[in-house]
Amino acid sequence: MKIINCPLNGPRNSSEFVHGGEVRQMPDPNNCTDKEWADYVFYSDNQIGVVTEWWLHAPSGYWFIAERHTGSDEILRTYDPSEIYTSRVEFKAKVEPSASEEVTV
Amino acid sequence: MPFSLLKYGLNKDYPFEQNADLPSPSALKPHYDVVIIGGGGHGVATAYYLAKYHGITNVAVLEKGYLGGGNTARNTAVIRSNYLTSEGVKFYSESVKLFQGLSNEFDFNIMYSSRGQLTLAHTDAAIRGFRQRTEVNKHFGGKTELIDPQQIRELVPSLNMNPADQPVLAGLWHIDGATARHDAVAWGYAKGATQRGVELHQLTEVTGVDVDKGKVTGVQTNRGKVSCGCVVQAVAGHSSIVGAMAGIRMPITTYPLQAMVTQPVKPFLNPLVSSPALHCYVQQTGRGELVFGGGSDPYPLYNTRSTMELKESLLAHAVELFPFMANMRLMRQWAGLTDMTTDYSPVMGLSPVENYYLDAGWGTWGFKATPICGKTMAELVATGKVPELIKPFSMARFDTFRQVNEMGATAASH
Amino acid sequence: MSLITPEQFDSRSFIYRKHQQAEFIEVAGAAQVLSYKEQSLQGQSGPDMGLTDLSVLPRFGLRGPAAGDALVAAGLLQPEKPNTLTLSDEGLMVLRLGYNEYWLLAVPGATVDLQALEQQLTSPGIYPVYCHDSYAWLVMSGDHLADVMAKVCAVDLREQSFASGDLVMTSLARVSGIICHHQMAGKSVFSIFSDSASAGYLWDALLDAMGEFNGAPSGQHSLIK
């Protein structure tokens, strides 16, 4: 079985991990165009080469980042997300006028 | 049955068929009206219908390997139309109808075998989904019924009705379900197309696409440059990579899908049986082998290596469905690349590049659509208008959030 | 005849039906297996390996950026490295799961007031983790811990790579779980925490794996000095 090196838990069988998709910059959902949002949600480069991806070590619920080659399936590097994300990412939904009325009712 | 087959049977001598083989390869011409990238089922079917219905024969099919050697040869040859949405059912039903007449049309046996396809429900939620699919199918003229465990037992006596402690509660019995020899489909189309003047160039890899002012003008290959009026891209498993050559970014992620086949045994299993809950489908080919398919690999990859854990879980589930299979030997196992879209429907029609037409996003549902894809893509190329049948599958649907969700209608959940 | 049965309590272990012929005592408002009858008939020499269900014992968790500092401020023995644990003389076990999550548990015979601690350990930057009703707590004891676990788990759990005080989060018998190496009654044991939904399966799977080492269910009396 393929072995993935978890930055927190060490080398483990790949069956303990869940793929979480590419690390991407999220556009501001309140101000971006529909096309930008669609691109973020649905579209992908999907090329052969090294990609930077989120992975989850399921038994510990630990998310980390891996650099993996999509042709050879080789994992070049894994690291804690704090290397990229230094602060918590907040998600603030835009309050629609009608929605706020419903809340006050 | 094709009459020539009957003639074969009654003939004393071994009948030698003239022009049995494809025309030998020639030099690439500097210009074609239509270049089709990809010599799989979809590509040669498009060429065939272009020549047959639209009289367009200045067509080159460029294939980097050999005819039907990619995912056409790697799928598990399931033909069905019991989908979830009206768009999907209409489209795939047309395909099933075309498949039924192909052997006669080609005068070449594609070994179409109408067996019926049985999908098993192990939960109430699955039964609800089946009810919806039954009604949608019937509405569009398909033959699909919801059947009870007793009927399932009669159809498939060898099935374990309590696999993995998940009792079979009901079945979606798709009478139109069928299988065919996937290679023969590609060969039949290729033969028909080349006989009408289409050129099939194998070992010809497209390495670049020339786009001038938003319009495609030609392609570069390992055998030189070719100019063309339009391009049809039909490269299942590499859609994003070829698309990128034309500067097109796609709503596709590519995953391997593994399958395997056992030694041949006497016929015992007529319908194609699948269990989405157990991520497994099983069918017996005309040669007696059992073909297994399952869910996709758990993460994207451009690699057809096989993995032990997926084999293990797939076989464990297959043995749950048919316990005696534990004694059978595997003969072959392989993987194909599936271009998955988020709504499990294809990406067909126009692209952001003028005269560059897409036949992509064929995930795990491409083989069954081969004839209708060829027909509609040919119509699109010939008329420049997107046929009604494939309008819902345009790539632009993702930009307007109008997906055609067929995720619930796969034979094995991916 | 046992006077206490699990059915008398609203709070029960998820696998209480597996404990047939058992003698129970009341612990934290639930029935805890003290011993199994067949074994008491055999006298003092119980099975070589035991599996004990401690799911009803009290425990709680906390996580967040301020969780570690709060433990230190409360004067508790805090595990310094991720994926390690501490066990105090009063029977308070603290697991450090990853960087910022801690579970506090009272082992059998503990003299700590977990409820008071739970109320004390609240502040901004601390979020509660509910690990009582969602997890089963099984304790494997005996001389062949690593040998048994090698049958169901891919991680090397032999003494040289998994010392007392270490814990791993991994999959065992194909379900996710936490395996903790610590001492009870002067002997090495493995505490195993796994989703309560699959606890019945895991109980059977572990007993099956322990079979060749003469393993059997055992009550908490075997874990107290």
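The values are calculated or read from the model by the stated rules, or taken from the named source; none is laboratory data. In this text the structure is predicted, and so the values were computed from the model without any measurement. We place every Cβ from the backbone using ideal geometry, glycine too, and count neighbours over all the protein chains shown.
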Please determine whether any residue of segment B:306-327 is within 20 Å of the chain's Cα centre (by Cα) and hydroxyl-bearing (Ser, Thr, Tyr).
no
Checking A:Thr86 against (1) assigned to a loop (DSSP other than H, G, I, E, B); (2) within 11 Å of another protein chain (Cβ to nearest Cβ), the condition it does not meet:
(2)
Go through segment B:388-411 and give me each residue that's touching a strand residue (DSSP E or B) at 6+ places or on another chain (Cβ under 9 Å) and farther than 17 Å from B:Ser81 by Cβ.
B:Lys391, B:Ser394, B:Met395, B:Ala396, B:Arg397, B:Phe398
Segment A:3-19, residues that are touching a residue at least 12 places away in the same chain (Cβ under 8 Å), part of a strand (DSSP E or B) and away from chain B (no Cβ under 14 Å)
A:Asn5, A:Cys6
Heads up, the strands (runs of 3 or more DSSP E) in segment C:114-225 (entirely inside) with at least 2 residues that are in contact (Cβ under 8 Å) with a residue 60 or more places away in the chain and within 15 Å of C:Trp103 (Cβ to Cβ) are C:127-129, C:135-142, C:167-172, C:175-184, C:187-195
Just to be sure, is A:Thr70 of a type in the set (S, T, N, Q) and either at the interface with another protein chain (Cβ under 9 Å from one of its Cβ atoms) or buried (at least 16 other Cβ atoms within 10 Å of the Cβ) (or both)?
yes
Given (1) modelled with pLDDT of 95 or more; (2) under 22 Å from B:Tyr281 (Cβ atoms); (3) of a type in the set (Phe, Trp, Tyr), B:Tyr83 misses just (1)
In segment A:20-49, which residues are part of a loop (DSSP other than H, G, I, E, B), within 28 Å of B:Ile248 (Cβ to Cβ) and either among the hydrophobic types (A, V, I, L, M, F, W, C) or more than 9 Å from chain B (Cβ to nearest Cβ) (or both)?
A:Val23, A:Arg24, A:Gln25, A:Met26, A:Pro27, A:Asp28, A:Pro29, A:Asn31, A:Cys32, A:Thr33, A:Ile48, A:Gly49
For segment C:143-160, state whether one or more residues are closer than 18 Å to C:Tyr36 by Cβ and either crowded, with 17+ Cβ neighbours inside 10 Å or within 14 Å of the chain's Cα centre (by Cα) (or both).
no
Which residue pairs have Cβ atoms closer than 9 Å, lie 6 or more positions apart in sequence or on different chains, and pair a first residue in segment A:50-61 that is at the interface with chain C (Cβ under 8 Å from one of its Cβ atoms) and under 18 Å from A:Glu83 (Cα atoms) with a second residue that is surrounded by fewer than 16 Cβ atoms within 10 Å (Cβ to Cβ) and of a type in the set (Phe, Trp, Tyr)?
A:His57/A:Trp63
State yes or no: is A:Ser44 closer than 30 Å to B:Arg402 by Cβ and either buried (at least 17 other Cβ atoms within 10 Å of the Cβ) or of a type in the set (Gly, Ala, Ser) (or both)?
yes
